Amino acid sequence: MEKGKENRTQGVLKRISGPVVTAVGLDAHMYDVVKVGNEELMGEVIKIQGENVIIQVYEDTAGIRPGEPVSNTGLSLAVELGPGLLTSIYDGIQRPLEVLMDKMGNFIERGVSAPGLSHEKKWEFVPTVKAGDEVKAGDIIGTVQETNIVHKIMVPPRSKGGKVKKITAGSFTVDETVCTLEDGTEITMLQRWPVRVPRPVKEKLNPDVPLITGQRILDGLFPIAKGGTAAIPGPFGSGKTVTQQQLAKWSDAEIVVYIGCGERGNEMTEVLTEFPELEDPKTGKPLMERTVLIANTSNMPVAAREASVYTGITIAEYFRDMGYDVSLMADSTSRWAEAMREISSRLEEMPGEEGYPAYLSARLSEFYERAGRVIALNGEGGSVSVIGAVSPPGGDFSEPVTQNTLRIVKVFWALDAKLSQRRHFPAINWLNSYSLYLDALNEWYDKEVSPEWNPLRAWAMGVLQKEAELQEIVQLVGSDALPDEEQITIEVARMIREIFLQQNAYDAVDTFCPMSKQYHMMKAIKRYADLARAAQAGGATPAQVIGVKSKNELPQIKFIKDYEPELEKIMKQMEAEFDAMRTV
Amino acid sequence: MKEYRTVTQIAGPLVFVEKTEPVGYSELVNIVTADGTVKRGQVLDTSDEIVVVQVFETTAGIGRDSGIRFTGETIKMPVGRDMLGRILSGGGKPIDGGPEIVPEKRLEITGAAINPYARSSPEDFIQTGISTIDGTNTLVRGQKLPIFSASGLPHNDVALQIARQAKVPGSTEEFAVVFAAMGITREEANYFMADFEKTGALERSVVFLNLADDPAVERTITPRLALTTAEYLAFDLGYHVLVILTDMTNYCEALRQIGAAREEVPGRRGYPGYMYTDLASIYERAGIIKGVKGSVTQIPILTMPGDDITHPIPDLTGYITEGQIVVNRELHRKGIYPPINVLPSLSRLMNLGIGKGHTREDHKKVSDQLYAAYAEGNDLRGLVAIVGKDALSERDRMFLEFADLFEDRFVRQGLYEDRSIEETLDLGWELLATLPEEQLVRIDRELIQKYHPKYRKKAQG
Ligand SMILES: Nc1ncnc2c1ncn2[C@@H]1O[C@H](COP(=O)(O)OP(=O)(O)OP(=O)(O)O)[C@@H](O)[C@H]1O
Ligand SMILES: [Mg+2]
């Protein structure tokens, strides 16, 4: 510490009110990281008011007294970025939970700091540039085989760059210099980046490739694009976490950042036990190897919960800058918003709607704005897709967090308690949900799936809409009173719901459904519908058409991995059954 | 210890004290009234000017003349193995006439969070003997599964039946029970105590009683004392502990009262904005730790004001716990015990604890099929009310009948009827067999061949 300035980097506590404390006699800037009290708990400056510096503390403040010291580190809240991120599980301020357990046992006590990355572990660095090469901010200068993922070592974004003087292959810790530039700049494999500041990119592009998730209702009806944003609101127990975990498991992103923000401890344990055993359907490697977990559960400090979302998105951006497609799940953004509300009310700020701070909507849009498909500074193309769970009180979507989120995101997956109570999973309501990426993605589906796909989807949506209208009539008069034609519509809609939309996350096969299978399933249902209409026009009764036996076999297709022979068999039978109807 | 006589204001359960030496946040405070009574409180806000103390007992008798002693430490609870079999007040003092607890340890009652990395996945099936739980909303060891009820419904009977019958098949260890009452009536408390005594459960129980006429603010520490005890029994002594907390609604009312006294900006329906976080600091204290023998399983009970599941108390609870068992008035009116409505009920950890190696391979599929069929039949009841039974198709009529049968046979059981999981699943099959086989779309052919009564009879006969 510099002499003479000492008294101003060191202040004293004046007031402690839960996670918010006030210090005086301290020079500080907004978002500076400070050490609070004799135990040096980590905190962050969130308000400056005259002589008072107001700090949110990332650990429990019980027992802290006025008069204890506060010192300013002068740094803003930042994460460590470099090899070692993958497979890690962190708390909201990037302390590795494994290290915390080694240091303090099974329960999270306070006053322990732990760096985000191991500073001892050595990584094999392979240069991709050589002495004499010109490099600029963001450029890739070498690689490290981190897991099955190649970690690209980049010139830090704020570096001036220059000519490479020396670059060495070999085994290094993240602190050791791997590259020196002519002007003396030393580059290590470690970058520190302030979490509240988006990492810069060269250009933002419009998303036009879907993030394929293997979930039929998502890929099939309401797709999200790579680099896109989606919200999944729903009451408790409706399937937010299961859906998010499904996306973390099966989406065709190269890197997954999963933030458990103010949710359950056991859910994180589940991810930790399950992911190492599951294989990435694309690479065959354990899913854990592409995953970074952030777990700041509901009973961990709220200020760290507030930070967790920023920690996560910064890590996601870092991998994006290497040219990867990253998907980030935040479960639940409502708990993040509530953390803001709790802190804000301690600050005695003027509350906005339902007690949330007036800046709620600004914070939400700043966060989702960090998603996107980009050209990185180094010219690589990468993306961050953001999927946020929302937990509206009482399941009422008119509340501020849901409403403010829906104003920003492009995809809305509306969970519905009526469906989950009937064990229709995923309980995503097909009438209320939407994707604004459909137009942008049409071409991809045309090319990569089939030119028939887009019309098939439109057809299925039409049938479901029609069913909803018919159901209203059924509720009044009973289904037998419907005209024959409509009875078939109802039956086809039921098939779309039960065969295509319902998908069991816990079935080894059905948990992931490739796009080609989705297409074949929908096509089979459509074929039935066409045959049924033709038969009916030829004089068959609804009972006959609905009684076709082979169609009862269709749901089994979901549970068969190599389904094609079976599907073919069923469809042959179906044609035969309808043929028989005609000849009778 | 220094004693201050600088009380400046008393509002509800809050006492404001000025001109103190530095006082720690969350510190335990003793307040000595003029007649010498000592009341306990806790620091809610501390600064060099004013300290706000929340008193756990009634503030009657506290005035400017009261002496305030700051103890210099946060609230700790003495715990020891001789707590089993004891009855304590909601503040943790023995009230059974027995001796003081011999402390083996003094533990912080707020309880640190279990490091998620240290947790191990709960997966041991607990058989409660109640079909609607075991069959369709299975409880596992280390889970937090609340009962959502409402006034006038037999949730206490359900909780007691669980406490009586809960066992892990194949294990001879009995659960230790930690029972915390918050704001329930003396009569209700006696009901619990009598049952514990009758079944001998009391010997392996620790009971905390904060009754309706005890101070409301004390309720905010009762569950924390109970859980501190439970964690000690589980993680230090290796017991499998079942914690029953009742009634969480009274706990939340106490929180609201304190919030109002502090003139906080209220959240939804007047409850504090931090109620989610506060409740999480209770409910998350359940689970299993890697390499540690015991476990904490929580069954909180709450009564939904106005039978409304969207009320903040059940709502926030449901967002934290791992499912819920919903007790329903309509079933109760029909004279069905236990009146558990399976449709809004859920056990999120069920999948971890059932199936081959846990219960039986057909468990999941049978449960799914029972749900689907009951939901369908139940929906049709609305329709029948409008169009009459005759307008229904044959298929619909079968589902309608299934719904009645399900309630009458599967849901309904005796207060002392302890069904094994095999009995529950077989009963499920028996009911499903009343539907045509091709309607059982949620169950694979193979399982149908193996378990459907039709084929079983053939195999036997
Ligand atoms: N796709 C699915 N397949 C099978 N079961 C599902 C599916 N989605 C949800 N479920 C069931 O619903 C339960 C609740 O889902 P989940 O935990 O995801 O709810 P949630 O919306 O995250 O609730 P909360 O807001 O309380 O966290 C799961 O435990 C599971 O039983
Ligand atoms: Mg969830």
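Please verify whether the stretch A:408-415 includes one or more residues that are more than 14 Å from every other protein chain (Cβ to nearest Cβ) and open to solvent by 20 Å² or more (accessible area, probe 1.4 Å). Spell out the reasoning first.
The first filter runs over the stretch A:408-415 and keeps only residues more than 14 Å from every other protein chain (Cβ to nearest Cβ), leaving A:408-414.
Of the ones still in play, those that are also open to solvent by 20 Å² or more (accessible area, probe 1.4 Å) are A:408, A:410.
Among the residues of the stretch A:408-415, at least one is more than 14 Å from every other protein chain (Cβ to nearest Cβ) and open to solvent by 20 Å² or more (accessible area, probe 1.4 Å), which makes the answer yes.
Okay, residues lined up against (1) under 16 Å from the mean Cα position of the chain (by Cα); (2) more than 17 Å from residue B:12 (Cα to Cα):
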{"residue": "B:214", "(1), (2)": "no, no"}
{"residue": "B:230", "(1), (2)": "yes, yes"}
{"residue": "B:236", "(1), (2)": "no, yes"}
{"residue": "B:248", "(1), (2)": "yes, yes"}
{"residue": "B:254", "(1), (2)": "no, no"}
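From the list A:228, A:170, A:234, A:184, which one is over 21 Å from residue A:437 (Cα atoms), more than 16 Å from ligand 1 (Cβ to nearest atom) and open to solvent by less than 20 Å² (accessible area, probe 1.4 Å)?
Working: A:228 fails: over 21 Å from residue A:437 (Cα atoms); A:234 fails: more than 16 Å from ligand 1 (Cβ to nearest atom); A:184 fails: open to solvent by less than 20 Å² (accessible area, probe 1.4 Å).
Going through A:228, A:170, A:234, A:184 in turn, the sole match is A:170.
Could you look through the stretch A:104-137, keep only residues that are in contact (Cβ under 8 Å) with a residue 12 or more places away in the chain and small (Gly, Ala, Ser), and pick out the one that is farthest from the other protein chains (Cβ to nearest Cβ)? Talk me through it step by step, then tell me what you get.
Taking the stretch A:104-137 first, the residues in contact (Cβ under 8 Å) with a residue 12 or more places away in the chain are A:108, A:110-137.
Right, trim to small (Gly, Ala, Ser) and you get A:111, A:113-114, A:116, A:118, A:131-132, A:137.
On the way: A:111: 12, A:113: 15, A:114: 12, A:116: 15, A:118: 15, A:131: 43, A:132: 46, A:137: 36 Å.
For the stretch A:104-137, the residue satisfying everything is A:132.
May I ask you to list the residues in the stretch A:488-510 that are part of a helix (DSSP H, G or I) and open to solvent by 40 Å² or more (accessible area, probe 1.4 Å)?
Filtering the stretch A:488-510 for residues part of a helix (DSSP H, G or I) gives A:488-501.
Result: A:494, A:497, A:498.
Given the conditions (1) closer than 20 Å to residue A:300 by Cβ; (2) at pLDDT 95 or above, report the number of the one that residue B:325 does not fulfil.
(1)
What number of residues within the stretch B:257-280 satisfy the criterion of being in a helix (DSSP H, G or I), open to solvent by 30 Å² or more (accessible area, probe 1.4 Å) and within 9 Å of another protein chain (Cβ to nearest Cβ)?
1
Which one is nearest to the other protein chains (Cβ to nearest Cβ) among residues in the stretch B:15-33 that are open to solvent by less than 20 Å² (accessible area, probe 1.4 Å) and outside any loop (DSSP other than H, G, I, E, B)?
Our first condition is that a residue be open to solvent by less than 20 Å² (accessible area, probe 1.4 Å); within the stretch B:15-33, this holds for B:15, B:17, B:23-24, B:26-27, B:29, B:31, B:33.
With outside any loop (DSSP other than H, G, I, E, B) added as a condition, the list becomes B:15, B:17, B:27, B:29, B:31.
Working: B:15: 16, B:17: 13, B:27: 7, B:29: 13, B:31: 19 Å.
Here the residue is B:27.
Yes or no, residue by residue, for (1) within 14 Å of chain B (Cβ to nearest Cβ); (2) polar (S, T, N, Q):
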residue: A:345; (1), (2): yes, yes
residue: A:348; (1), (2): yes, no
residue: A:351; (1), (2): yes, no
residue: A:372; (1), (2): no, no
residue: A:375; (1), (2): no, no
residue: A:380; (1), (2): no, no
residue: A:388; (1), (2): no, no
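What's the number of the condition residue A:336 fails, among (1) among the hydrophobic types (A, V, I, L, M, F, W, C); (2) open to solvent by 10 Å² or more (accessible area, probe 1.4 Å); (3) more than 11 Å from chain B (Cβ to nearest Cβ); (4) under 23 Å from residue B:276 (Cβ atoms)?
Every condition holds for residue A:336 apart from (2).
Within the stretch A:137-149, identify whether any single residue is among the hydroxyl-bearing types (Ser, Thr, Tyr) and under 13 Å from residue A:84 (Cβ atoms), and answer yes or no. Working first, answer last.
Residues of the stretch A:137-149 among the hydroxyl-bearing types (Ser, Thr, Tyr): A:143, A:147.
If we keep only those that are under 13 Å from residue A:84 (Cβ atoms) too, we end up with A:147.
Yes, the stretch A:137-149 contains a residue that is among the hydroxyl-bearing types (Ser, Thr, Tyr) and under 13 Å from residue A:84 (Cβ atoms).
Given the conditions (1) crowded, with 24+ Cβ neighbours inside 10 Å; (2) free of Cβ contacts under 8 Å to residues at least 40 places away in the same chain, report the number of the one that residue A:56 does not fulfil.
The one condition residue A:56 does not meet is (2).
Evaluate the following for residue A:451: is it assigned to a loop (DSSP other than H, G, I, E, B), under 19 Å from residue A:519 (Cα atoms) and either touching a His at 6+ places or on another chain (Cβ under 6 Å) or free of Cβ contacts under 8 Å to residues at least 24 places away in the same chain (or both)? Break it down into steps so the answer makes sense when it comes.
Values: assigned to a loop (DSSP other than H, G, I, E, B): yes; under 19 Å from residue A:519 (Cα atoms): yes; either touching a His at 6+ places or on another chain (Cβ under 6 Å) or free of Cβ contacts under 8 Å to residues at least 24 places away in the same chain (or both): yes.
Here the answer is yes, as residue A:451 does meet what is asked.
Could you pull out the residue among B:390, B:396, B:408, B:418 that is surrounded by fewer than 14 Cβ atoms within 10 Å (Cβ to Cβ) and over 19 Å from residue B:367 (Cβ atoms)?
Numbers: B:396 fails: surrounded by fewer than 14 Cβ atoms within 10 Å (Cβ to Cβ); B:408 fails: over 19 Å from residue B:367 (Cβ atoms); B:418 fails: surrounded by fewer than 14 Cβ atoms within 10 Å (Cβ to Cβ).
None of the others qualify; the one that does is B:390.
Filter the stretch B:119-153 for residues that are among the β-branched types (Val, Ile, Thr) and more than 14 Å from chain A (Cβ to nearest Cβ) and give the result. Don't jump to the end; show me each part of the working.
Step one: of the stretch B:119-153, the residues among the β-branched types (Val, Ile, Thr) are B:126, B:128, B:130, B:132-133, B:136, B:138, B:140, B:147.
Within the stretch B:119-153, B:126, B:128, B:130, B:132, B:133, B:147 qualify.
If you scan the stretch B:34-49, which residues turn out to be open to solvent by 10 Å² or more (accessible area, probe 1.4 Å) and either of a type in the set (Val, Ile, Thr) or touching a helix residue (DSSP H, G or I) at 6+ places or on another chain (Cβ under 6 Å) (or both)?
Just the residues of the stretch B:34-49 that are open to solvent by 10 Å² or more (accessible area, probe 1.4 Å), to begin with: B:34-40, B:42, B:44-45, B:47-49.
Within the stretch B:34-49, B:37, B:38 qualify.
I need the full set of residues from the stretch A:85-105 which are surrounded by fewer than 17 Cβ atoms within 10 Å (Cβ to Cβ) and in a loop (DSSP other than H, G, I, E, B), in order please.
Across the stretch A:85-105, the qualifying residue is only A:105.
Among the strands (runs of 3 or more DSSP E) confined wholly to the stretch B:52-149, which include 1 or more residues that are under 29 Å from residue B:426 (Cβ atoms)? Full working, then the answer.
Details: elements: B:67-74, B:76-79, B:86-89, B:105-108, B:147-149.
In the stretch B:52-149, the matching strands (runs of 3 or more DSSP E) lie at B:147-149.
Considering every residue within the stretch B:313-326, establish whether at least one is touching a residue at least 60 places away in the same chain (Cβ under 8 Å), over 27 Å from residue A:471 (Cβ atoms) and more than 18 Å from the chain's Cα centre (by Cα). It would help to see each step written out before you state the result.
Here is the first cut: in the stretch B:313-326, the ones touching a residue at least 60 places away in the same chain (Cβ under 8 Å) are B:313-314, B:317-318, B:320-326.
Keeping just the survivors that are over 27 Å from residue A:471 (Cβ atoms) gives B:313-314, B:317-318, B:320-325.
Still in the running and more than 18 Å from the chain's Cα centre (by Cα): none.
No, the stretch B:313-326 contains no residue that is touching a residue at least 60 places away in the same chain (Cβ under 8 Å), over 27 Å from residue A:471 (Cβ atoms) and more than 18 Å from the chain's Cα centre (by Cα).
Can you tell me which residue in the stretch B:313-330 is farthest from residue B:132 (Cα to Cα), limited to those that are in a helix (DSSP H, G or I), more than 7 Å from chain A (Cβ to nearest Cβ) and open to solvent by less than 10 Å² (accessible area, probe 1.4 Å)? Full working, then the answer.
To start, the set of residues in the stretch B:313-330 that are in a helix (DSSP H, G or I) comprises B:313-320, B:329-330.
This time we only want the ones that are more than 7 Å from chain A (Cβ to nearest Cβ), so: B:313-314, B:316-317, B:329-330.
When the remaining residues are screened for being open to solvent by less than 10 Å² (accessible area, probe 1.4 Å), the result is B:313-314, B:317.
Details: B:313: 24, B:314: 20, B:317: 21 Å.
Looking at the filtered set, the residue picked out is B:313.
Of the conditions (1) more than 9 Å from chain B (Cβ to nearest Cβ); (2) buried (at least 24 other Cβ atoms within 10 Å of the Cβ); (3) more than 9 Å from ligand 2 (Cβ to nearest atom), residue A:277 clears all except one; give me its number.
(2)
Test residue B:305 against the criterion of being within 12 Å of chain A (Cβ to nearest Cβ) and touching a residue at least 24 places away in the same chain (Cβ under 8 Å), and give yes or no.
When the stated conditions are applied, residue B:305 does not pass them.
Can you name every residue in the stretch B:331-364 that is part of a strand (DSSP E or B) and either in contact with a Pro (Cβ under 8 Å, 6 or more places away or on another chain) or among the small types (Gly, Ala, Ser) (or both)?
Looking only at the stretch B:331-364, we keep the residues that are part of a strand (DSSP E or B), and these are B:340-347.
Within the stretch B:331-364, B:345, B:347 qualify.
Looking for whichever is open to solvent by 10 Å² or more (accessible area, probe 1.4 Å), more than 16 Å from ligand 1 (Cβ to nearest atom) and farther than 26 Å from residue B:272 by Cα here; the options are A:272, A:328, A:347. Which one fits?
On the way: A:328 fails: open to solvent by 10 Å² or more (accessible area, probe 1.4 Å); A:347 fails: farther than 26 Å from residue B:272 by Cα.
Every option except A:272 fails the conditions.
Say whether the condition of being over 23 Å from residue B:394 (Cα atoms) and surrounded by fewer than 16 Cβ atoms within 10 Å (Cβ to Cβ) is met by at least one residue in the stretch A:541-559.
So far as the stretch A:541-559 goes, yes, one or more of its residues are over 23 Å from residue B:394 (Cα atoms) and surrounded by fewer than 16 Cβ atoms within 10 Å (Cβ to Cβ).
Based on what the data block shows, is residue B:380 free of Cβ contacts under 8 Å to residues at least 24 places away in the same chain and crowded, with 16+ Cβ neighbours inside 10 Å? Please lay out each step first, then the result.
Numbers: free of Cβ contacts under 8 Å to residues at least 24 places away in the same chain: yes; crowded, with 16+ Cβ neighbours inside 10 Å: yes.
Answer is yes for this residue.
Given the criteria in a loop (DSSP other than H, G, I, E, B), among the aromatic types (Phe, Trp, Tyr) and within 16 Å of ligand 2 (Cβ to nearest atom), does residue A:425 qualify? Walk me through it before giving the result.
On the way: in a loop (DSSP other than H, G, I, E, B): yes; among the aromatic types (Phe, Trp, Tyr): yes; within 16 Å of ligand 2 (Cβ to nearest atom): yes.
Yes, satisfied.
Could you check the stretch A:322-337 and list, in sequence order, the residues that are within 11 Å of ligand 2 (Cβ to nearest atom) and among the polar types (S, T, N, Q)?
Result: A:332, A:334.
The values are calculated or read from the model by the stated rules, or taken from the named source; none is laboratory data. Everything numeric here is computed off the predicted structure, so don't read it as measured data. Every residue, glycine as well, gets a Cβ built from its backbone with ideal geometry; the counts of neighbours run over all protein chains shown. What goes into the accessible areas is simple: the full protein's heavy atoms, side chains included, and nothing from ligands, DNA or RNA. Shrake-Rupley method; radii C 1.70, N 1.55, O 1.52, S 1.80 Å.
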